[in-house]
Amino acid sequence: MGDYECFRISLRLRSPVGTPWQADTLMGNVAWLEAFRTGTGGVREFLAPFAAGDPPFIFSDGFPAGLLPRPLFPWETAKAADLASYLKEKVRRKAEFVRVEEFDALRREMAAQGDPPSSPWVKIEFVHAGISRKTGTTGGEAGALFSTECHALTGSEKGDGTAGIEIYALCKEGWNERLAALLRDLSRIGFGRDKSIGLGQFDFLKMEPWDMFSNFKGNNGFIALSSFVPGKDDPTDGNWAVNVKYGKLGENAGCGNPFKRPFIQLKPGAVFYTGTEPKPYYGRTLTGLAPGFPDSIQLCYCLAVPCNIEWLDNG
């Protein structure tokens, strides 16, 4: 992948999470860690190459261990010979994830084998008691109860009770060790919202080289493994799904206004036609999202996995 080497990062969740494992959110968490380590000058130097469009590393989103997003290739209903095969194909096309081996087959225009896995993510509601700012205690007969949502993994497909997350990263030379150190530090703090009440706790297990996403003869497009925002010169022919993100600033930033303006990002699994060998990454940096912190930026790059897109190559 050019100047980049690909790695797979393995984590083990120790609690439910309140924030989805999206690539730009993970980048924000790592950037805050760098700010704590090196101060304002250090984090500006850290972020400068990203803002200049030359990122030293790129994250994928975090996926349940052994799974990847289903590539959004078109649904060819004509291949369904009867109602039963049509319904089976319909279930497959609604699946959120595929197994890693099936993902590799699909990107090479080969048929996936077996039934798609169901999503191991489950939704959980936590009930809290509101605390009065005047008395410092709960108030009212019901204790001012309210609930918040979070998500947890049901465990691995092996049934061994583990709840693993896998993140893929492209790193320029020398950055893999620095990135591993940042993620180890992040594991001591936690990821995302409500870290103070125990959400987002995880263990850093390992970071190992990964070569399954290498180019192959005939690739003419890419599959996005990250939630991202395309750049003005990025490809536009393809299939994708969108998500409206309502972000927040981290670590008490924003001078009383932690909210960011909403923006639209593409979901992992988006497929784009390039016509030639794709670049290792696409996307861009967003600015001006946080009224309470004008200097903040959103790093919305994606890790691009080469693939073959026959339906567009043939016109």
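The values are calculated or read from the model by the stated rules, or taken from the named source; none is laboratory data. Quantities reported herein were computed from a predicted structural model and do not represent experimental measurements. Note: ideal-geometry Cβ built from the backbone for every residue, glycine included; neighbour counts use all protein chains shown.
Can you tell me which condition Asp104 does not meet? The list is (1) under 17 Å from Ala224 (Cβ atoms); (2) outside any helix (DSSP H, G or I); (3) of a type in the set (D, E, K, R); (4) modelled with pLDDT under 95, and all the others hold.
(2)
Report, by residue number, each residue of the range 12-33 that is aliphatic (A, V, I, L, M) and within 14 Å of the chain's Cα centre (by Cα).
Correct list: Val17, Ala23, Leu26, Met27, Val30.
Can you tell me which residue among Ser15, Ser60, Ser10 is touching a Leu at 6+ places or on another chain (Cβ under 8 Å) and surrounded by fewer than 17 Cβ atoms within 10 Å (Cβ to Cβ)?
After ruling out the rest, the residue left standing is Ser10.
Which residues, taken from the range 154-175, are within 26 Å of Phe97 (Cβ to Cβ) and modelled with pLDDT of 90 or more?
Selection gives Gly164, Ile165, Glu166, Ile167, Tyr168, Ala169, Leu170, Cys171.
Check the range 58-81 and report whether any residue there is at pLDDT below 95, outside any loop (DSSP other than H, G, I, E, B), basic (Lys, Arg) and within 23 Å of Ser227 (Cβ to Cβ).
Taking every residue of the range 58-81 in turn, none turns out to be at pLDDT below 95, outside any loop (DSSP other than H, G, I, E, B), basic (Lys, Arg) and within 23 Å of Ser227 (Cβ to Cβ).
What about Met1, is it over 18 Å from Arg188 (Cβ atoms), crowded, with 19+ Cβ neighbours inside 10 Å and modelled with pLDDT under 90?
Yes: the conditions hold for Met1.
Here are some conditions: (1) at pLDDT 95 or above; (2) under 17 Å from Glu251 (Cα atoms); (3) among the β-branched types (Val, Ile, Thr). Ile197 meets all but one. Which one does it not meet?
(1)
Taking Gly53 as the residue in question, decide whether it is modelled with pLDDT under 95 and part of a loop (DSSP other than H, G, I, E, B).
Considered against the rule, which asks whether it is modelled with pLDDT under 95 and part of a loop (DSSP other than H, G, I, E, B), Gly53 comes out as yes.
Mind listing whichever residues of the range 88-101 are free of Cβ contacts under 8 Å to residues at least 60 places away in the same chain and not in a loop (DSSP other than H, G, I, E, B)?
If the condition is that a residue be free of Cβ contacts under 8 Å to residues at least 60 places away in the same chain and not in a loop (DSSP other than H, G, I, E, B), then Lys88, Glu89, Lys90, Val91, Arg92, Arg93, Lys94, Phe97, Val98, Arg99, Glu101 are the ones that fit.
Just one of the numbered conditions (1) exposed (fewer than 14 other Cβ atoms within 10 Å of the Cβ); (2) at positive phi; (3) touching a residue at least 40 places away in the same chain (Cβ under 8 Å) is not true of Gly269; which one?
Exception for Gly269: condition (1).
Would you say Thr40 is among the β-branched types (Val, Ile, Thr), in a helix (DSSP H, G or I) and closer than 25 Å to Pro120 by Cα?
Against the criterion (among the β-branched types (Val, Ile, Thr), in a helix (DSSP H, G or I) and closer than 25 Å to Pro120 by Cα), Thr40 does not qualify.
Going through the range 257-314 one residue at a time, which ones are within 27 Å of Phe97 (Cβ to Cβ), charged (D, E, K, R) and not in a strand (DSSP E or B)?
Matches in the range 257-314: Lys267, Glu277, Lys279, Glu310, Asp313.
Applying the selection to the range 224-254, what residues are in a loop (DSSP other than H, G, I, E, B), free of Cβ contacts under 8 Å to residues at least 60 places away in the same chain and closer than 13 Å to Thr25 by Cβ?
Within the range 224-254, Tyr246, Leu249 qualify.
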